[in-house]
Amino acid sequence: MKKEKLECGKSAEKIKAPTHKRKKEGKKKQMTKSKVREKLAKLQEEAMQGLEETKKAKKEKSKETKKKETVVAKDNKPSKKAKNNARRDQNSKVAPRIERDINAKVRVISLGGLNEIGKNITVLECGEDIIVIDCGFAFPDEEMLGVDLVLPDFTYLRDNADKVRAIVLTHGHEDHIGGIPYLLREINAPIYGTLLTLGIIKNKLLEHKLPFDAQLKVVEAGETVKFGKSFAVEFIHVNHSIADACALCVDTPVGKIFHTGDFKLDLTPIDGEVMDITRLGELGKEGIELLLCESTNAERPGYTPSERKVGKSLEYIFSTQSDKRIVIATFSSNVHRVQQIIDTSARHGRKVAITGRSMLNIVGAATELGYMNFPEGVLIDISEIKRYKPEQITIITTGSQGEPMSALYRMAFSDHRDVTLGRNDVVILSSSPIPGNEKLVGRIINELSKNGVTVLHDALVSVHVSGHACQEELKLVQALLKPRYFMPVHGEYRHLNANRQLALEMGMEERDIFISDIGKILELSASGARFVGTVPSGKVLVNGNSVGEVGNIVLRERRHLSQDGLVVVVASIDMQAKLLISGPDIVSRGFVYVREAEGLMDEIKGMAQNSIEDYLDRTRVIDRVALKTKVKEDLSKYLYSKTKRRPMVLPIIMNV
Ligand SMILES: [Zn+2]
Ligand SMILES: [Zn+2]
């Protein structure tokens, strides 16, 4: 763990590094650079200070009574809030503004995240300036055999690379930042985001080993940053299932465009910082031209419960399962969830061990940057758990989605080096399966139950709450911002449509709501908003190190092979003499088990021989491609008539 922390410490320092290195800037830019540098240094200092303070506070807490604990917590809150308010007032005084221009046109283009889940990316373009909001990846669906992840098509950005002023990030989830290492290979634009978001990216970039230093610029909620002539982006604090998430208000020559990012309204958040709805109200009064609002939970009525609800359930489980070891699987990025598990464990006198690569990475980064803290002596290494009784241990792990290589999966299938699960264990799945992962999660629950493990999941106890706004929260945002135009984002069509329905219910006109699609251009100008065309968009598949080389044809072949198998025909011919010299030999994979189908194999061989000889007899000039095609067709027809199956037939004809 110590090593983990050190590495993250390094990375946090590196966040600052790129700004020092940049020397070629003009005078004007240098001014802002030095400001940013100052701010960064201050931020870093604050983060470290915050960490020290919380560490101290925690130490004191553990000594004092519960009553005093709440006092400490309450005492801390106002100062933090006051600091935020002061910061915002300061910023609003100097916040850059964009002059209105009645001739300006702003184009809003989503390259991903519409009519699909994942790979969220929105492009804003005006004149010579482009900013990119988020750049995520998506997980492959079951049709995409062997594909590791799916990226947006970056063609439009590649073609306009010289215009891209910045990549601006709302938060650190993979569906918003996962594509960054790949986009940076095409465009080395500076990346703006909050401290935790950039901390997570920094670790990611280290893994990807880019040939240059990425320009990572830390901003804080409340700050506004200007990009080119046309954009000034204000970062606004929101609640979400990861800390440090922001909505963005982008000032442009045609008015303000508000992008919610992913959000929920948590009135009792773990870090005490409620979504900045006051600012939303102010912006609503100033006037919002276009709202881009996430739609994940637009079909769900009511409000999303507070993260604290999970804390209460955990407290209940820890009290009732006090004689067992507790293993909790959750999303590693849910810093507040992990913090609640740590705190509950500490209260119940349990040591906490952490396992799983991404969990170690994020907990390391979050601890180092001050977003998470361990009470003194609570954290132990996973190899030390044998020194304690089961009831003295909590294990926090990855694998809540049933991922086959995850730590929880290995524990369930008795393949984990340090942890074997049995009757003395309770496993809590503090998550809900992402659509498509239900079977994987089910498999783990079955296996654990077989081994006598008590499994608690979302369907049994409320050990998970969503990070996304439900209908009432979405309506609240509409009501506060009162946008002139509305474009639902972040979801499949059904989600986008449900979000549209909400806007209609709120009294918005049908013609002012735009359900877009990836690649579609929504243009805003003095004369209003309308769709004006499309840009290239789609899916780029990543398989190992190859990006984009696996396309539809390769996937079709993979599906064909996986469903029907392969029959290879190998033969040597003398082209001049028009003679079959050797073969044909038949090799098959995934088609039939050869030892049990010798008869069929002989028939295939005979059929292939006939086909080749027939061609050699009847043709004057031998063409190998034509011969291959004939063998393939003859054999395919024959195999289908015999077996009602269509294996891939691959003739290899050699000339000797
Ligand atoms: Zn998110
Ligand atoms: Zn998202």
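Since every read-out is calculated from the coordinates, none of them should be taken as a lab result. Here the structure is a predicted model, which means the values were calculated and not measured. When we count neighbours, we look across all protein chains shown, and the Cβ atoms used for this are built from the backbone with ideal geometry, even at glycine.
Evaluate Rg over Rh across the chain, taking Cα atoms for both radii and Kirkwood's formula for Rh. Working shown, then result.
Numbers: Rg = 29.4 Å, Rh = 27.9 Å.
Result for the chain is an Rg/Rh of 1.06.
Using the number of other C-beta atoms within 10 angstrom as an exposure proxy, rank 470, 246 with the fewest first. Don't jump to the answer; show the numbers that get you there.
Details: 470 20, 246 30.
Ascending Cβ contact count within 10 Å gives the list 470, 246.
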Legend entry - Packing-based ranking, highest mean first, of 549-556, 429-436, 330-337 given that Cβ atoms within 10 Å are counted: 330-337, 429-436, 549-556
Inset, instruction - Please sort by residue number the trypsin sites (Lys or Arg not before Pro) in segment 351-451 whose DSSP state is loop and whose Cβ has at most 16 other Cβ atoms within 10 Å. - result: 417, 423
Legend entry - Kirkwood Rh in Å, taken over all unlike Cα pairs in segment 219-371: 17.8 Å
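Say the cut-off is 30 Å between C-alpha atoms; which of 439/637; 309/520; 202/386; 119/264; 209/520 go over it? Each step should come with its number before you reach the end.
On the way: 439/637 37 Å; 309/520 40 Å; 202/386 34 Å; 119/264 20 Å; 209/520 33 Å.
As for pairs spanning more than 30 Å Cα to Cα, those are 439/637; 309/520; 202/386; 209/520.
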Inset, instruction - Using a cut-off of 12 Å between beta-carbons, work out the net charge of the residues near residue 400 (Lys and Arg +1, Asp and Glu -1, residue 400 not included). - result: -1
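Which value results when the Cα radius of gyration for segment 149-193 is divided by 2.2 N^0.38 Å? Show your work: numbers first, answer last.
Numbers: Rg = 10.4 Å, N = 45, 2.2 N^0.38 = 9.3 Å.
With N residues counted in segment 149-193, Rg over 2.2 N^0.38 Å equals 1.11.
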Inset, instruction - Divide by every residue of the chain the summed helix terms, -39500 (n - 2.57) for each DSSP H run of at least 4, and state the resulting mean residue ellipticity at 222 nm, rounded to the nearest 500 deg cm²/dmol. - result: -13000 deg cm²/dmol
Legend entry - Mean-position separation - Cα centroids, segment 485-536 and segment 306-366, in angstrom: 40 Å
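GluC sites (Glu not before Pro), restricted to segment 371-436: which are DSSP loop and have at most 11 other Cβ atoms within 10 Å?
Details: sites: 376, 384, 391; in loops: 376.
Hits after loop and neighbour filter: 376.
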Inset, instruction - Could you tell me whether segment 554-656 comes out rounded, prolate or oblate from its Cα gyration tensor? Rule is a ≥ b ≥ c as square roots of the eigenvalues, rounded for a/c under 1.5, then prolate if a/b exceeds b/c, otherwise oblate. - result: prolate
Inset, instruction - Using amide H atoms built 1.01 Å from N in the peptide plane, name the residues 5+ places from residue 400, or on other chains, whose amide H lies under 5 Å from its own. - result: 330
Legend entry - log₁₀ of I(q)/I(0) at q = 0.10, 0.15, 0.16, 0.20 Å⁻¹ - segment 286-376, Debye sum with one point per alpha carbon: -0.38, -0.72, -0.78, -1.03
Inset, instruction - Using only Cα atoms, locate the centre of segment 123-186 and the centre of segment 541-601, then give the distance between them in Å, rounded to an integer. - result: 37 Å
Legend entry - Relative compactness, segment 258-338, computed as alpha-carbon Rg over 2.2 N^0.38 Å: 1.48
Inset, instruction - Any chance you could list P(r) for segment 309-457, counting all Cα-Cα pairs in 10 angstrom bins from zero, rounded to whole %? - result: 12, 46, 37, 6, 0
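Based on Cβ point charges of +1 for Lys and Arg and -1 for Asp and Glu, what charge dipole magnitude is obtained for the chain about its Cα centre, in debye rounded to the nearest 20? Please list the in-between numbers first.
Numbers: 101 positive and 88 negative charges, 396 e Å.
With only Lys, Arg, Asp and Glu charged at Cβ, the dipole is about 1900 debye.
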